[in-house]
Amino acid sequence: MKAVHFGAGNIGLGFIGLLLSRSGFHVQFVDVDEERVNLLNQRGEYKVTLANEQADTTVVRNVSAINGKESDRVARAIAEADLVTTAVGVNVLPYIAETIARGIELRLKGAAGPLMVIACENAIGGSTQLKEHVYGHLAPEVKERAAERVAFPDAAVDRIVPLQQSEDKLHVTVEPFFEWVVDRSVLPEGYPVIEGVHYVDKLGPYIERKLFTVNTGHCCAAYHGYLKGYSTIQETMRDPDIVAEIRGVLSETGAVLVKQYGFDEAEHRRYIDKIVERFRNPYLTDEVVRVGRSPIRKLSPNDRLVRPAMTAYSLGMEVPHLTKAIAAALRFDYREDPEAVQLQETLKEQGIHKTLAQYTEIPESHPLHGRIVAAYESLKHQK
């Protein structure tokens, strides 16, 4: 079996590529990092180490790579593959869509079997978004044939990849925990099973549970930790006041998830406890500025902070901790992050009210708007 995976970064190597290789796939990574591509082709293998006491290490074999700039080669690889996956960031999906579309066109000219395309991104409906981008490059008649042979199942992925210490660009350290959930309902009959993947018929609740617990909690730790001058998430998690904020946030998002999807309340509390302990993992070194990067994306209406806050409000729930986390995100002024720079420039030029409305789409007339502004002002002297 053959898999084409876009993104030879830490998640691609330490999570997706690892599981695909274990399942018997030859994994062809697609990346624009020339050094990383050359190393993968020279060695045909790489190492993944777990962030635990034993530092358990696995050698991932049966891999190769293609430079993403060689779009013809990538398209041919897709035409011959059984599976295409991505871990590039949801903002990059539009830029790889044309090459995937060309690969599908080539595939449909031959007799290749069904193809699965799974976007393994921190986003709701990542594969659905990718499908829309890909179909934008296909003629109507090609779309019809593609609908019969190409599936874009949505997925939820979860694995923390810390700051890497190795000088070897292919040696990745990851946390022991992982979760990869795939929507089984759109898969073709006889689809290749990936070891370690949990297949479900209704994915939505799992995506939101992960996004509004792991990602919401993680960025909450980052933004509050940044304001207090901490360098890592692990340092941040030793601050009881910040841990209380994180648990408060996750209590609010948890109430939404339980109300909307019927998760068992006690079971969800245990899930929250597990997530908090993952953030504390002493064998991880995860930079606050890495976790907090891209604040504009994280403050968008459908992402990890604003969406659960607005949903909770619509259900009559109070969200003081989420409003404070949103305010902390607005104060993330790390100068080496382009989105943080843009956000702070907008705040300086337009003020808090217009900036908040612009990026979160929470209008000035909404009650949460005023509460976020008040929290923002209260954090003014925290740094």
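Odds and ends about this structure:
- Of the peptides 58-67, 193-202, the ranking by mean beta-carbon count within 10 Å, highest at the top, reads 58-67, 193-202.
- Relative contact order for the stretch 27-98: 31 percent, from Cα pairs under 8 Å spaced at least 6 residues apart, divided by residue count.
- Rounded, prolate or oblate (a/c below 1.5 giving rounded, otherwise prolate when a/b exceeds b/c) for the stretch 66-127 by Cα gyration tensor: oblate
- Carbon + sulfur, % of accessible area of the stretch 50-165 - ligands and nucleic acids excluded, 1.4 Å: 46
- Only Lys, Arg, Asp and Glu carry charge here, each on its Cβ (+1 for the first two, -1 for the last two); on that basis the chain has a dipole of about 100 debye about its Cα centre.
- Ranking Gly68, Ile233, Gln54 by Cα position along the charge dipole of the chain, where only Lys, Arg, Asp and Glu carry charges on their C-beta atoms, puts Ile233 farthest toward the positive end.
- Under the simplified labelling scheme, the Asn41-Thr57 pair shows an inter-label distance of 2.6 nm, with each label point 7 Å from Cα along Cα→Cβ.
- Spin-label model, Lys274/Ser231: points 7 Å from Cα along the beta carbon direction are separated by 3.2 nm.
- Farthest toward the positive end of the dipole of the chain, out of Gly292, Thr85, Ala8, is the Cα of Gly292, where the dipole comes from beta carbon charges about the Cα centre.
- Shape call, the chain: gyration tensor on alpha carbons, a/c limit 1.5: prolate
- With the helix formula -39500 (n - 2.57) applied to DSSP H stretches of n ≥ 4, the chain reaches a computed 222 nm mean residue ellipticity of -15000 deg cm²/dmol.
- The relative contact order of the stretch 179-294, computed from alpha carbon pairs under 8 Å that lie at least 6 residues apart in sequence, is 29 percent.
- Bridging of Lys228 to aspartates and glutamates at a Cα separation below 19 Å is possible for Asp239, Asp241, Glu245, Asp286, Glu287, Asp333, Glu336, Asp337, Glu377, once same-chain residues fewer than 8 apart are set aside.
- Taking amide H as placed 1.01 Å from N in the peptide plane, the amide H of His26 sits under 5 Å from that of Lys2, Ala3, each at least 5 places away or on another chain.
- Sequence-distant aspartates and glutamates (8 or more away, or on other chains) whose Cα lies within less than 13 Å of Lys259: Glu208
- Computed about its Cα centre, the charge dipole of the stretch 201-327 is approximately 300 debye, with only Lys, Arg, Asp and Glu carrying charge at their Cβ.
- Listed by chain and number, the lysines placed with their C-alpha closer than 26 angstrom to that of Lys47 are Lys2, Lys69, Lys169; residues fewer than eight positions away on the same chain are left out.
- Cut-off under 5 Å, modelled amide H: who pairs with Phe6 long-range: Val30, Thr85, Thr86, Ala87
- Taking other residues whose beta carbon is less than 15 angstrom from the beta carbon of Val48, and scoring Lys, Arg as +1 and Asp, Glu as -1, yields +2.
- Inter-label distance, Met1 to Ser314: 3.8 nm, where each label sits 7 Å from its Cα along the C-beta direction.
- Global geometry of the stretch 255-383, whether rounded, prolate or oblate, following the gyration tensor of its Cα atoms and the 1.5 cut on a/c: oblate
- Arg43 contributes about 110 Å² of solvent-accessible surface, heavy atoms of the protein only, 1.4 Å probe.
- Fully extending the segment from Leu379 to Lys143 would add 79.9 nm, taking 0.36 nm per residue of separation and subtracting the current Cα-Cα distance.
- When the Cα positions of Cys220, Val197, Pro282 are compared along the charge dipole of the chain, Cys220 comes out farthest toward the positive end, with charges on each C-beta of Lys, Arg, Asp and Glu.
- Euclidean distance of C-alpha centroids, the stretch 1-29 and the stretch 184-222, integer Å: 18
- Distance from the C-alpha centroid of the stretch 350-383 to that of the stretch 72-112: 42 Å, rounded to the whole angstrom.
- Only Cα pairs under 8 Å and 6+ residues apart enter the sum, and on that basis the relative contact order of the chain stands at 13 percent.
The values are calculated or read from the model by the stated rules, or taken from the named source; none is laboratory data. Keep in mind it's a predicted model, so treat the numbers as computed, not measured. Neighbour counts are summed over all protein chains in view; Cβ atoms, including those assigned to glycine, are modelled from backbone coordinates with ideal geometry. SASA here: full protein model, heavy atoms, side chains in, ligands and nucleic acids out. Shrake-Rupley method; radii C 1.70, N 1.55, O 1.52, S 1.80 Å.
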